[in-house]
Amino acid sequence: MHSFRYQRGKLYCEEVSIESLAEEFGTPLYIYSHHTIDHHFRTLNQALAPLDHQIFFAMKANSNLAILHDLAGMGSGFDLVSRGELLKAIAAGADPARCVFAGVGKTEAEIEEALRRGIYSFNVESEPELTRINKVAARLKKIAPVAVRVNPNIDAHTHAKITTGTYENKFGIEFEQIEGIYARASKLKNLRLRGIQMHIGSQLTEVEPFELAVKKVLPLVTRLAARHQFDFFSIGGGLGIIYNPALASGSSAWWKSKAAAGILTPAIFAAKLIPLLKPLGLKILVEPGRFIVGNAGALVTRVEYVKQTGKKNFVIVDAAMNDLIRPAFYDSFHEIVPLRQRRGKAVSSDVVGGICESGDYFCKDRLLSKVSEGDHLALLSVGAYGFAMASNYNSRPFAAEVLVSGTKAALVRERQPVDSLWALEKIPAWIK
Ligand code: LLP
């Protein structure tokens, strides 16, 4: 579900008019709904209640400090992939003992920081990484908690750029190698083999790939858990969301309509996976990113120009691919709606940014209500991998971010001041 609705013809986030936020904070502007985040967190948490489980929010999806703080308050742990994410999670109030450190490229400095901070576990992606963690732990006179990421070689039926669990991908260790790796790792004195992890891909809209992967690794996990006294099995993230409104009722019947459309819901996820996982007797970790925050965000943008060519109707807006790269990068669909509901004929439109790239578009040939200069549009379901993947390309400052809860709204990230774009740069004296 999401919390962006029309009230008397104007788009609201919960009980706050988006137009008023655009007026107060300017555009492009990211707006997040606390209620949607809370709802998604609770829905998943409740679905998994029959298991001893813990949600570790994948903060790469959205790492705004206020959102991390909000999630920590709900009881979330954090899945993180860099020293920056670790320190940011701590700054937001997260307990490192509720953080797992993933990623194929952990540096010695990152491993050291995570060990000193008392991380719950490293999710290890290669044998050289195990050796490195053991070495750093020995130097610090610590025991490093680790879980090896198994690559089960299962096709997640999702976009090629977000599939991670096949042998084409750089992630994890091949299924066939895992027992040998654990046997060798058990001889490394400064490691504690705490569990095992997998993650097969992102934006999964079917339960079958999860089921196949769990079924495939289950006998392996059972053997290893007994041999090494595991605490946990992490089944990763990847739960998909609805991007296409044709499938989304937006009402309280949301989950029902989703299930009826054959789309993966926490209830379906739980119904298929709990019977497989419960007999293990291990703590089950999940690492959702998109599912928790994806539908909770909108990007508000102002129409700068409408440019009609013989072939196209270009709606040129003040947000661009530097603010939201998903359409350019994955050809992803984001619903685009006006802040003021309009009647009248829809026009086939390309909504584009002002960046000098043909890939800088938010939609192509989409039927949208007619807009003119000065109108505002909202791009929906951009709470995950939206701001998180923003850049300063074309020297465009980062957008501002606002968090809404009921009738309250707060600026949770200021718009980047333009002079900070070059604040870290220097001109060497030898350039005349
Ligand atoms: N765990 C691991 C190890 C991951 O690599 C990821 C995402 C997650 C959890 C969270 O996955 P989620 O629940 O959000 O699907 N930028 C892309 C998505 C990249 C996902 C990378 N890994 C996009 O905009 O679609």
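Can you find, within region 195-220, the residue that is least open to solvent (accessible area, probe 1.4 Å) among those that are charged (D, E, K, R) and away from the ligand (no atom under 16 Å from the Cβ)? Top of the filtered list is 211. Under 7 Å by Cβ, and 6 or more places apart or on different chains, what pairs join a residue from region 411-429 that is closer than 26 Å to residue 27 by Cβ with one that is open to solvent by less than 100 Å² (accessible area, probe 1.4 Å) and of a type in the set (Gly, Ala, Ser)? If the second residue must be open to solvent by less than 100 Å² (accessible area, probe 1.4 Å) and of a type in the set (Gly, Ala, Ser), the pairs left are 411/400; 412/66; 413/400; 414/400; 415/26; 415/399; 415/400; 421/395. Those strands (runs of 3 or more DSSP E) of region 317-432 in which 3 or more residues are open to solvent by 80 Å² or more (accessible area, probe 1.4 Å) occupy 361-369. Between 227, 223, the distinction of being farther than 30 Å from residue 293 by Cα, away from the ligand (no atom under 16 Å from the Cβ), assigned to a helix (DSSP H, G or I) and touching a Phe, Trp or Tyr at 6+ places or on another chain (Cβ under 8 Å) belongs to 227 only.
Checking each residue in region 297-308 for being away from the ligand (no atom under 13 Å from the Cβ) and either open to solvent by less than 60 Å² (accessible area, probe 1.4 Å) or touching an Asp or Glu at 6+ places or on another chain (Cβ under 8 Å) (or both) picks out 298, 299, 300, 301, 302, 303, 304, 305, 306. Does any residue of region 396-406 turn out to be on the phi > 0 side of the Ramachandran plot and within 16 Å of the ligand (Cβ to nearest atom)? Checked against the condition, which is being on the phi > 0 side of the Ramachandran plot and within 16 Å of the ligand (Cβ to nearest atom), region 396-406 yields no hits at all. All told, residue 291 falls short of being open to solvent by 20 Å² or more (accessible area, probe 1.4 Å) and within 16 Å of the ligand (Cβ to nearest atom). Per the listing 123, 134, 153, the residue uniquely in the same structural domain as residue 183 (by TED's automatic domain parsing) and under 21 Å from the mean Cα position of the chain (by Cα) is 123. Scanning region 326-356 for residues that are touching a Phe, Trp or Tyr at 6+ places or on another chain (Cβ under 6 Å) and more than 16 Å from the ligand (Cβ to nearest atom) yields a count of 4.
Has region 273-286 got any residue that is within 13 Å of the ligand (Cβ to nearest atom) and either open to solvent by less than 40 Å² (accessible area, probe 1.4 Å) or outside any loop (DSSP other than H, G, I, E, B) (or both)? Checking region 273-286: at least one residue is within 13 Å of the ligand (Cβ to nearest atom) and either open to solvent by less than 40 Å² (accessible area, probe 1.4 Å) or outside any loop (DSSP other than H, G, I, E, B) (or both).
Take residue 174 and tell me if it is at negative phi, under 27 Å from the mean Cα position of the chain (by Cα) and within 16 Å of the ligand (Cβ to nearest atom). Step through it out loud before you land on a result.
On the way: at negative phi: yes; under 27 Å from the mean Cα position of the chain (by Cα): yes; within 16 Å of the ligand (Cβ to nearest atom): no.
Spelling it out, it is not the case that residue 174 is at negative phi, under 27 Å from the mean Cα position of the chain (by Cα) and within 16 Å of the ligand (Cβ to nearest atom).
Pairs meeting the criteria (first residue in region 162-179 and loosely packed, with under 13 Cβ neighbours inside 10 Å, second residue assigned to a loop (DSSP other than H, G, I, E, B), beta carbons under 6 Å, at least 6 apart or on different chains) are 167/153; 170/104. Beta carbons closer than 9 Å, at least 6 apart along the sequence or on distinct chains, pair a first residue in region 319-331 that is closer than 18 Å to residue 421 by Cα with a second that is near the ligand (Cβ under 10 Å from one of its atoms) and open to solvent by 10 Å² or more (accessible area, probe 1.4 Å) for 321/329. Would it be correct to say that residue 189 is over 19 Å from residue 99 (Cα atoms), touching a residue at least 24 places away in the same chain (Cβ under 8 Å), open to solvent by 60 Å² or more (accessible area, probe 1.4 Å) and assigned to a helix (DSSP H, G or I)? No: the conditions fail for residue 189.
The values are calculated or read from the model by the stated rules, or taken from the named source; none is laboratory data. Being a predicted model, the structure only gives us computed values, none of them experimental. Every residue, glycine among them, receives a Cβ derived from its backbone with ideal geometry; neighbour counts consider all protein chains shown. Protein only, heavy atoms only, side chains kept; ligands, DNA and RNA dropped before computing areas. Shrake-Rupley method; radii C 1.70, N 1.55, O 1.52, S 1.80 Å.
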